[in-house]
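Only the coordinates and a few stated rules stand behind these numbers; no lab work does. As the structure is a computational prediction, the values presented were derived from the model and not from experiment. No Cβ is skipped: glycine too gets one built from the backbone with ideal geometry, and neighbour counts run over all protein chains shown.
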Amino acid sequence: MLPGTACAASRGVLDSLSVASRELGAVVLAAGLGTRMKSATAKVLHTLGGQPLLRYPLAALGALDPDRVIVVVGHQADAVRAVAEHAGLRGLATALQAEQHGTGHAVRCAAPALAGFAGDVLILYGDAPLVRAGTLRRLLDHHRATDADLTLLTMRFRDPRGYGRIVRDGGGRVSRIVEERDASEAERAITEVNPGFYCVRAPVLLPLLAQLRADNAQGEYYLTDIVELAARRGHAIESVETDRPDELAGINSRAELARAEEQLRAERVERFMAAGVTFEDPATAYLGPQVEIGPDTVIGPNVTLRGATRIGRGCRLDGTAWLTDAVLADGVHLRFACVVEEAEIGPEAIVGPFARLRPGTRLGARVHVGNFVETKKALLGEGTKANHLTYLGDCEIGPETNVGAGTITCNYDGFAKHRTKIGARVQIGSDTQLVAPVEVGDDAYIAAGTTVTRPVPAGALAVSRADLRFVEGWTARKRARAGGKGQAATAESPAQPAPAPAGTRTSAPSRRRGR
Ligand code: UD1
Ligand code: MG
């Protein structure tokens, strides 16, 4: 079929359709660099709440379930395309705008993907992340209810700087949008502005795009000019004014990004408070969009929750914590200053202060992990404790085991990682090194200071220790040699005991333990 006949045929079909059953398409503009960000990174890839800006408008669109969505990419096209595809929208395609000649030019680049499409097209900019699905729905509903050709959202800002101004005719109808740089003094004083959300019938849109001219202050093809072109052609133009302008604010600079971050943060915290979560300092809680928190959980100051972090009911996070993709069961107590990444913490467990749970950590119920403990790919059974200064990596520990202070799993030999397996009810003495691969059977005891290099049988005591000896009178002789100096330092132990002088008597402790 010839392109022209395809279009004509579509219009014929359109006439027979009721307005409400028209297909829905969308174009999202995401090709610009974002000069005002002063960044080498494309603007829509800058993050808000830990997610690229572009994710947000796509998520809002997704709720309307459009039949096709075209994302216009340009700067860092591959990375932007990857973000777009990650949204998983039905009928998503990307169009390349290799050189950025303005928002109108960008929509033109999407036009081939709309050939033959007879429905309504929502057009939005990728730099307005806080828009809600409900607002897009309101725009679409009004457009369809009034059977308009072109409908746009508008908003009022006391300080309209940076936005295109909405110009209305004597009858109050929108007649055009004027960009700030092209506006007269009188037009600049207009406080009704263009947030950049439009709904246009596709058969109306495509010819308007073809008529755009770049005869303006920026030498660009402005999408906003389709409004004046449509008005001149007698198309029906409608507008919907939003009473929540903050939601539609565009992000053009780092300062605007920071304001959006604060707004998003505050909204999320409010939502959780309404659902029964206490924030001791709501202003310093940072929550990503996928985060879940159960009721009666208390979040202390300066807590960042990212990714798919899920926190159960009745937990307590004392404060200053960084959690990414962490899962906390009910009743967990995360004491001050912990980092938890891709790790799971079982019910009633207590972690921290100052603990670091790295990916692959799984703590069973009632586990205690204390200060300066680092875990990685570590499974700790119910009731097991590792309370002080310990590294547990690539290991599995049974229930009710106690890991003494300073225990290290030596999991890396410079070439490969090896596993340590420790049974149930094991007592691991302080300063134990477990040289992996190695196993410790149930109910074993490991004496403090032991280096475990072979499997420890269940129920056995393992001890590897240099003999303890005493050099009697050593301190007095040392002080005498130093001419009386060092008296003041009697509370400190000598850094390195000197070898016993020839002829001095050394004695071994009368009873050796652990043999
Ligand atoms: C635009 C509007 C302005 C409106 C404001 C709302 C125009 C001409 N102006 O201005 O009326 O008040 O948004 O926030 O439309 N983009 C491309 N290709 C391009 C140029 C831009 O894809 O060639 C994309 C950008 O990546 C961005 C979006 O379009 O996501 C908007 O571009 P931006 O330069 O931010 O336009 P504003 O100056 O904010
Ligand atoms: Mg903008």
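How high is the FRET efficiency from Asn216 to Asp169, r the C-beta distance, R0 22 Å, rounded to 0.05?
Between Asn216 and Asp169 the formula returns 0.60.
Can you pull the percent of Cα pairs in segment 78-226 with separation above 20 Å?
Of all Cα-Cα distances in segment 78-226, 54 percent exceed 20 Å.
To the nearest whole percent, what portion of all C-alpha pairs in segment 170-223 is separated by more than 14 angstrom?
66 percent
Mind checking the dipole of the chain: about its Cα centre, +1 per Lys or Arg Cβ, -1 per Asp or Glu Cβ, Debye to the nearest 20?
2560 debye
With a Förster radius of 30 Å, plug the Cβ-Cβ distance of Glu267 and Ala82 into 1/(1 + (r/R0)^6) and report the FRET value to the nearest 0.05.
That pair, Glu267 with Ala82, gives E of 0.65.
Can you find, among Gly406, Gly319, Pro289, the residue farthest towards the positive end of the dipole of the chain? Put +1 on the C-beta of Lys and Arg, -1 on that of Asp and Glu.
Gly406
Please determine, in degrees from 0 to 90 and to the nearest 10, the orientation of helix 254-274 with respect to the longest principal axis defined by the Cα atoms of the chain, where the helix direction is its Cα long axis.
On a 0 to 90 degree scale, this one is about 70.
I'd like to know which of Gly172, Ile345, Ala460 lies farthest towards the positive end of the charge dipole of the chain, counting +1 on Cβ of Lys and Arg and -1 on Cβ of Asp and Glu.
The listed residue farthest towards the positive side: Ala460.
Can you return the aspartates and glutamates within cross-link range of Lys43? Criterion is Cα-Cα under 20 Å, with same-chain partners fewer than 8 residues away left out.
Asp78, Glu85, Glu99, Asp127, Glu220, Asp246, Glu247, Glu256, Glu261, Glu262
Which three extents, in angstrom, do the Cα atoms of segment 110-182 have along their principal axes, listed largest first?
Sorted largest first, the three principal extents are 39, 31, 27 Å.
Could you work out how far apart the two model spin labels at Ala476 and Leu33 are, taking each label as a point 7 Å from the Cα in the direction of the beta carbon, and quote it in nm?
Taking the two extended label points, one gets 8.2 nm.
Quick one: angle between helix 133-145 and the longest Cα principal axis of the chain, in degrees between 0 and 90, rounded to 10, please.
So the helix axis and the longest Cα principal axis differ by about 10 degrees.
From the residues Leu305, His418, Pro57, which one has its Cα farthest along the dipole of the chain in the positive direction, the dipole being from +1 and -1 charges on Cβ of Lys/Arg and Asp/Glu about the Cα centre?
The listed residue farthest towards the positive side: His418.
About its Cα centre, how strong a charge dipole does segment 173-300 have in debye, to the nearest 20, once Lys and Arg get +1 and Asp and Glu get -1 at the Cβ?
Result for segment 173-300 is approximately 600 debye, rounded to the nearest 20.
What is the ratio of the Cα radius of gyration of the chain to 2.2 N^0.38 Å, with N the residue count, to two decimals?
Here the Cα radius of gyration is 1.44 times the empirical estimate.
Relative to the present Cα-Cα distance, how much length would full extension add between Val298 and Arg419 at 0.36 nm per residue of separation?
Between Val298 and Arg419, full extension yields an extra 39.9 nm.
Once the Cβ-Cβ distance between Ser184 and Arg233 is put in as r, and R0 is 30 Å, what FRET efficiency do you end up with, to the nearest 0.05?
After rounding, the FRET efficiency stands at 0.80.
For segment 304-352 and segment 448-484, what is the centre-to-centre distance using only Cα atoms, to the nearest Å?
40 Å
Just the number: Rg to Rh for segment 284-432, Cα atoms, Kirkwood Rh, two decimals.
Checking Rg against Rh, the ratio lands at 0.98.
Using the Cα centre as the reference, give the magnitude of the dipole from point charges on the C-beta atoms of segment 344-405 (Lys, Arg: +1; Asp, Glu: -1; all else neutral), rounded to the nearest 20 debye.
The calculation lands at about 180 debye.
Of all beta bridges DSSP finds with both residues in segment 386-453, what is the antiparallel percent, to the nearest 5?
The answer is about 5 percent antiparallel.
Which of the peptides 347-356, 266-275 is most tightly packed, and how do the rest follow, judged by the mean count of other Cβ atoms within 10 Å per residue?
Top to bottom by mean Cβ count within 10 Å: 347-356, 266-275.
Given contacts defined as C-alpha pairs under 8 Å and at least six residues apart, what's the relative contact order of the chain, whole-number percent?
Relative contact order here is 7 percent.
At q = 0.14, 0.16, 0.27 Å⁻¹, what is the base-10 log of I(q)/I(0) for segment 250-302 according to the Debye formula with one equal point scatterer per Cα and no solvent? Please give it to two decimals.
-0.38, -0.48, -1.04
Relative contact order for segment 331-475: what is it in percent, counting Cα pairs under 8 Å that are at least 6 residues apart?
For segment 331-475, the relative contact order is 12 percent.
Can you give me the Rg/Rh ratio for segment 347-409, using Cα atoms for both radii and the Kirkwood formula for Rh?
0.90
Run through the DSSP bridge list for the chain and note the antiparallel percent, rounded to the nearest 5.
Expressed as a percentage, antiparallel bridges in the chain total about 20.
Would you calculate, for the chain, the mean residue ellipticity at 222 nm contributed by helices, counting each DSSP H stretch of 4 or more residues as -39,500 (n - 2.57) and dividing by all residues, to the nearest 500?
-6000 deg cm²/dmol
Would you mind computing, in nm to one decimal, how far apart the modelled labels at Glu256 and Thr47 are, each placed 7 Å from Cα along Cα→Cβ?
2.2 nm
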